[in-house]
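Engineer: I have a structure I would like to understand better, so I am pasting it below and will then ask my questions one at a time.
The values are calculated or read from the model by the stated rules, or taken from the named source; none is laboratory data. Here the structure is a predicted model, which is why all the values come from computation and not from measurement. Cβ coordinates were reconstructed from backbone atoms using ideal geometry, including for glycine residues, and neighbour counts include every protein chain displayed.
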Amino acid sequence: MEKEDFITKKDAFEGFTNLREVLNDCLENPRKYSKSFLDMFTDVGTLAMDGNAIAQDLMGYYYKEGVKNYIPENYDLYMQWEILSAANGNEYAIQKLQFFLNYAFSEIINSDKLPLILSKNGIDETNYVYVLGNLLCEGIVDEMQITAKKLVEMQGQTSKYTPEKLREYKRALEKALPKVLSFLLS
């Protein structure tokens with residue numbers, strides 16, 4: 001992914017915050033809006049399906065804990081929307097996934113080929129989290145065959161966090177890591 005394809009953390013955060021404020025206000029003050037919360041959430045879902053990484057991040061946000069009477073908590077949808085958003089260059093989503101990705105970051109940073117990886121890919125201390133996070137998330141998307149269409153079809157289901165669920169994502173990350181390393185060295 002080229003640098004210009006990234007949505008900067010600042011722009012992504014502002015877009016996310018603005019959308020979230022409108023949807024939350026609609027929940028609290030439904031009479032102010034011509035559309036219901038669910039209609040507005042569906043509109044965000046349409047943007048997310050069209051590849052809007054900020055909308056994808058917001059979808060993940062609402063599925064993390066759910067919205068009482070509207071959206072069930074769904075850990076799988078939360079993780080997959082966040083990963084898809086990060087794979088599409090959303091630096092804010094990448095930052096939110098940083099703890100999850102730390103194992104893979106460490107593996108790359110501890111590689112004896114790190115100087116070659118850095119020089120071949122224009123990676124430095126200012127962009128390594130975003131470049132590597134983006135590539136790792138692209139690898140997870142490929143590994144788990146995550147698509148926006150598939151995520152929309154999973155709506156309405158409840159899926160709580162369990163350690164086993166987290167292990168599924170970690171296994172996908174572990175499978176993606178050698179492919180990312182190979183790409184970085186090619």
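Engineer: Which is in contact with a strand residue (DSSP E or B) (Cβ under 9 Å, 6 or more places away or on another chain) and either modelled with pLDDT under 95 or not hydroxyl-bearing (Ser, Thr, Tyr) (or both), of Leu27, Leu19?
Structural biologist: Going through Leu27, Leu19 in turn, the sole match is Leu27.
Engineer: Out of Ser111, Ser36, Ser106, I need the residue that is of a type outside the set (A, V, I, L, M, F, W, C), surrounded by fewer than 22 Cβ atoms within 10 Å (Cβ to Cβ) and more than 27 Å from Leu135 (Cα to Cα). Which one?
Structural biologist: Ser36
Engineer: Determine which member of the set Glu143, Glu164 is free of Cβ contacts under 8 Å to residues at least 12 places away in the same chain and assigned to a helix (DSSP H, G or I).
Structural biologist: On inspection, the qualifying residue turns out to be Glu164.
Engineer: Hey, another quick one. Any residue at all in region 109-123 that's touching a helix residue (DSSP H, G or I) at 6+ places or on another chain (Cβ under 7 Å), modelled with pLDDT under 95, part of a loop (DSSP other than H, G, I, E, B) and not basic (Lys, Arg)?
Structural biologist: Yes, region 109-123 has at least one match.
Engineer: Quick one: in region 57-78, of everything that is among the charged types (D, E, K, R) and within 21 Å of Lys9 (Cβ to Cβ), which residue is surrounded by the fewest Cβ atoms within 10 Å (Cβ to Cβ)?
Structural biologist: For region 57-78, the residue satisfying everything is Lys64.
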